[in-house]
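Single-structure report; data block below.
The values are calculated or read from the model by the stated rules, or taken from the named source; none is laboratory data. What you see is a predicted model; the values in this text were computed from it and never measured. Every residue, glycine among them, receives a Cβ derived from its backbone with ideal geometry; neighbour counts consider all protein chains shown. In case anyone asks, the SASA skips ligands and DNA or RNA and just uses the protein heavy atoms, side chains included. Shrake-Rupley method; radii C 1.70, N 1.55, O 1.52, S 1.80 Å.
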Amino acid sequence: QVQLVESGGGLVQPGGSLRLSCAASIIIDRLYVMAWYRQTPGTQREVVASITGRGSTNYADSVKGRFTISRDTAKNTAYLQMHGLKPEDSAVYYCKAVRGGLGFWGQGTQVTVSS
């Protein structure tokens, strides 16, 4: 069982930046794919970004050029650096770790972009 704890969410003005962190309770080796999702009330959870153990990344079109996903294997932590935040980026952001078809979720962290 993998426990994931997200942090770094909060209230930020449009155009601002935040960095989300996702700390894992076990060693996240290269077989794990780490991903960030987000969800707003009444909508399905959508993938924002993912990163493989080799460092290959993918992003949703809506965040390309603004968000950067990364991982620190030594710290068992994944990050989501967010710049140029927009009100439509407001959501609960969830971290997910996937290995061998099994997925583990964190509890989520709220990001609110508002003036």
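When the criteria are applied in full, VAL92 meets the requirement of being surrounded by 16 or more Cβ atoms within 10 Å (Cβ to Cβ) and not in a loop (DSSP other than H, G, I, E, B). Checked against the criteria, GLN110 counts as surrounded by fewer than 14 Cβ atoms within 10 Å (Cβ to Cβ) and part of a strand (DSSP E or B).
Considering VAL48, VAL63, the condition of being assigned to a strand (DSSP E or B), among the β-branched types (Val, Ile, Thr) and either out of contact with any His (no Cβ under 6 Å at 6 or more places or on another chain) or surrounded by fewer than 14 Cβ atoms within 10 Å (Cβ to Cβ) (or both) is satisfied by VAL48 alone. Applying a threshold of 6 Å to beta carbon distances and a minimum spacing of six or more residues, or different chains, the list of pairs starting in segment 33-53 at a residue that is within 18 Å of LEU18 (Cα to Cα) and in contact (Cβ under 8 Å) with a residue 40 or more places away in the chain and ending at one that is of a type outside the set (S, T, N, Q) and part of a loop (DSSP other than H, G, I, E, B) reads TYR37/ARG45; GLN39/ARG45; VAL48/ALA60; VAL48/VAL63. With respect to being in a strand (DSSP E or B), surrounded by fewer than 19 Cβ atoms within 10 Å (Cβ to Cβ) and touching a Leu at 6+ places or on another chain (Cβ under 9 Å), ALA23 fits the description. When ARG38 is tested against (1) under 14 Å from the mean Cα position of the chain (by Cα); (2) open to solvent by less than 80 Å² (accessible area, probe 1.4 Å); (3) over 16 Å from PRO87 (Cα atoms), exactly one condition is not met: (3). Looking only at segment 1-20, filter to residues that are in contact with a Ser or Thr (Cβ under 7 Å, 6 or more places away or on another chain), in a loop (DSSP other than H, G, I, E, B) and open to solvent by less than 80 Å² (accessible area, probe 1.4 Å); which one of those is farthest from TYR94 (Cα to Cα)? Ranking the qualifying residues of segment 1-20, first place goes to PRO14.
If you go through segment 26-35 and keep only what is open to solvent by 50 Å² or more (accessible area, probe 1.4 Å) and among the β-branched types (Val, Ile, Thr), you end up with ILE26, ILE27, VAL33.
Which residues, taken from segment 26-40, are part of a strand (DSSP E or B) and not aliphatic (A, V, I, L, M)? If the condition is that a residue be part of a strand (DSSP E or B) and not aliphatic (A, V, I, L, M), then TRP36, TYR37, ARG38, GLN39 are the ones that fit. Mind listing just one residue for me: the one in segment 76-89 that is open to solvent by less than 50 Å² (accessible area, probe 1.4 Å) and outside any loop (DSSP other than H, G, I, E, B) and, of those, farthest from VAL47 (Cα to Cα)? Of everything passing the filter in segment 76-89, THR77 is farthest from VAL47 (Cα to Cα). Got at least one residue in segment 59-67 being at pLDDT 95 or above, within 17 Å of ARG19 (Cα to Cα) and of a type in the set (Lys, Arg)? Within segment 59-67, one or more residues are at pLDDT 95 or above, within 17 Å of ARG19 (Cα to Cα) and of a type in the set (Lys, Arg).
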